[in-house]
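Below is one structure, written out as structure tokens; the observations come after it.
The values are calculated or read from the model by the stated rules, or taken from the named source; none is laboratory data. Note that this is a predicted model, so its numbers are computed, not measured. With ideal geometry, Cβ positions are generated from the backbone for all residues, glycine too; neighbour counts draw on all protein chains shown. Quick note on the areas: whole protein, heavy atoms, side chains included, nothing else; ligands and nucleic acids left out. Shrake-Rupley method; radii C 1.70, N 1.55, O 1.52, S 1.80 Å.
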Amino acid sequence: MLTFNKLGASLTSDREKIEFKYCKNKEYEVCNWIIPKESPQDFCRACQLNRTIPNLSVKKNLQHWQQLEVAKHRLIYQLQKIGLSLRSKMIDADGLCFDFITKDNEATVMTGHANGVITILLREADSTLREQARKEMQERYRTLIGHLRHEVGHYFWEQLISKNEDALRAFRNIFGNEKADYGDALQAYYKNGAPENWRDSYISKYAASHPWEDWAETWAHYLHIMDMVETAHFFGLEVNSKEISANMKIASSFDPYTLKDFETIISTCVPLSFAVNSINRAMGIPDVYPFVITPAVVNKMKFIHQLLLPERKL
């Protein structure tokens, strides 16, 4: 049911007759989330994390921001589903915030993460420029949601790993020692590239550059997989390709966020991604998920899954 108050702001009420109001950013068509009518906040949990938005008097900036917000809201929904704390850095120094900016704001600014601030250049929302960058950097995959999941991974490394001695010890056993000089490691990567056998242990070439980047890349792909399986579950998708392999028959019959066993999740994801990739190939479109998940990468994702289980309070 949709109603309107005297000021013209749209309100909605649920079955319990509790009224809600739309996030203030609805006026820019970048958000359709709602908050309780009595809340002192004008913005939803996702939009409260915005520290910087682009100059909206520039038409293309609004269009690009709209695309960024679609991806960011999907990310925030997922992090909330996991149960992670999403404190705003504008309130808590250890919190999180987003800067969506143009290159003109500061000549040296780059897409990345620093001390809870996730910066995304607006140009990443330009599909032509993004594809150009993907080719120049020899990446197999470059998307807005991919950027956001990767960069937020750096933030949660600081929150979940660096402050927990047991988690840090386990991390080093699986990903390596993060104390290796980060600048030197990246310089060596851009000069020499990834080792020839990188596919055996890493989800991407870039993951081989340093343990921090291995974590962020693996974290991003963990979120990709969880979202893929949850979406398939929502639509009740099934894959029945027994003719190809006995392992290619699955039914997406569960919410992955309720499962403790990551093996079940990954065994569902593989045939699902194979089927969707095959459909894309039939239409002459690049694969949705052009990656091979090796046992070593699965082991890293298991570590992330187990680390996050207490957050979900299963």
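Annotations
- Filter result for Ser201 (surrounded by fewer than 21 Cβ atoms within 10 Å (Cβ to Cβ) and at pLDDT below 95): no
- Residue count for the stretch 167-194, restricted to those that are among the acidic types (Asp, Glu) and either within 9 Å of His210 (Cα to Cα) or part of a loop (DSSP other than H, G, I, E, B) (or both): 2.
- Test: residue in the stretch 88-95 that is under 15 Å from Glu151 (Cα atoms), open to solvent by less than 40 Å² (accessible area, probe 1.4 Å) and more than 14 Å from the chain's Cα centre (by Cα): yes
- Hits in the stretch 255-274 (condition: more than 25 Å from Gly83 (Cβ to Cβ) and open to solvent by 30 Å² or more (accessible area, probe 1.4 Å)): Val270, Phe274
- Among the residues of the stretch 59-87, those that are among the β-branched types (Val, Ile, Thr) and either without any contact (Cβ under 8 Å) to a residue 40 or more places away in the chain or open to solvent by 70 Å² or more (accessible area, probe 1.4 Å) (or both) comprise Val70, Ile76.
- Any hit, the stretch 31-45, residues being open to solvent by 80 Å² or more (accessible area, probe 1.4 Å), small (Gly, Ala, Ser) and free of Cβ contacts under 8 Å to residues at least 40 places away in the same chain: no
- Qualifying residue in the stretch 113-123 (condition: open to solvent by less than 20 Å² (accessible area, probe 1.4 Å), over 24 Å from Gln41 (Cβ atoms) and of a type outside the set (Val, Ile, Thr)): yes
Each row is one residue, and each column tells you yes or no for (1) part of a helix (DSSP H, G or I); (2) open to solvent by 80 Å² or more (accessible area, probe 1.4 Å); (3) in contact with a strand residue (DSSP E or B) (Cβ under 8 Å, 6 or more places away or on another chain); (4) at pLDDT 90 or above.
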{"position": "Glu196", "(1), (2), (3), (4)": "no, yes, no, yes"}
{"position": "Ala207", "(1), (2), (3), (4)": "yes, no, no, yes"}
{"position": "Thr218", "(1), (2), (3), (4)": "yes, no, no, yes"}
{"position": "His233", "(1), (2), (3), (4)": "yes, no, no, yes"}
{"position": "Val239", "(1), (2), (3), (4)": "no, no, yes, no"}
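- Pairs meeting the criteria (first residue in the stretch 98-119 and within 22 Å of Gln159 (Cα to Cα) and assigned to a loop (DSSP other than H, G, I, E, B), second residue among the β-branched types (Val, Ile, Thr) and at pLDDT 90 or above, beta carbons under 9 Å, at least 6 apart or on different chains) are Thr111/Ile118; Thr111/Thr119; Thr111/Ile120.
- Matching residues in the stretch 95-113 - criterion: being out of contact with any Phe, Trp or Tyr (no Cβ under 8 Å at 6 or more places or on another chain) and modelled with pLDDT of 95 or more: Gly95, Cys97, Phe98, Asp99
- If the condition is being loosely packed, with under 11 Cβ neighbours inside 10 Å and closer than 19 Å to Gly153 by Cβ, then the stretch 165-194 contributes Asn173, Asn177, Lys179.
- Taken over the stretch 124-163, the criterion of being open to solvent by 60 Å² or more (accessible area, probe 1.4 Å), among the basic types (Lys, Arg) and in contact (Cβ under 8 Å) with a residue 40 or more places away in the chain is satisfied by Arg140 alone.
- Screening Tyr289 with (1) open to solvent by 30 Å² or more (accessible area, probe 1.4 Å); (2) among the hydroxyl-bearing types (Ser, Thr, Tyr); (3) under 18 Å from the mean Cα position of the chain (by Cα) gives one miss only, at (1).
- Contact annotation: residue pairs with Cβ atoms under 6 Å, 6 or more positions apart or on different chains, pairing a residue in the stretch 165-180 that is within 11 Å of Lys300 (Cβ to Cβ) with a partner that is basic (Lys, Arg) and surrounded by 14 or more Cβ atoms within 10 Å (Cβ to Cβ), are Ile174/Lys300.
- A residue that is assigned to a helix (DSSP H, G or I), at pLDDT 95 or above and under 25 Å from Phe175 (Cα atoms) cannot be found anywhere in the stretch 273-294.
- Among the residues of the stretch 38-57, those that are part of a loop (DSSP other than H, G, I, E, B) and under 15 Å from Ile76 (Cβ atoms) comprise Gln41, Phe43, Cys44, Arg45, Ala46.
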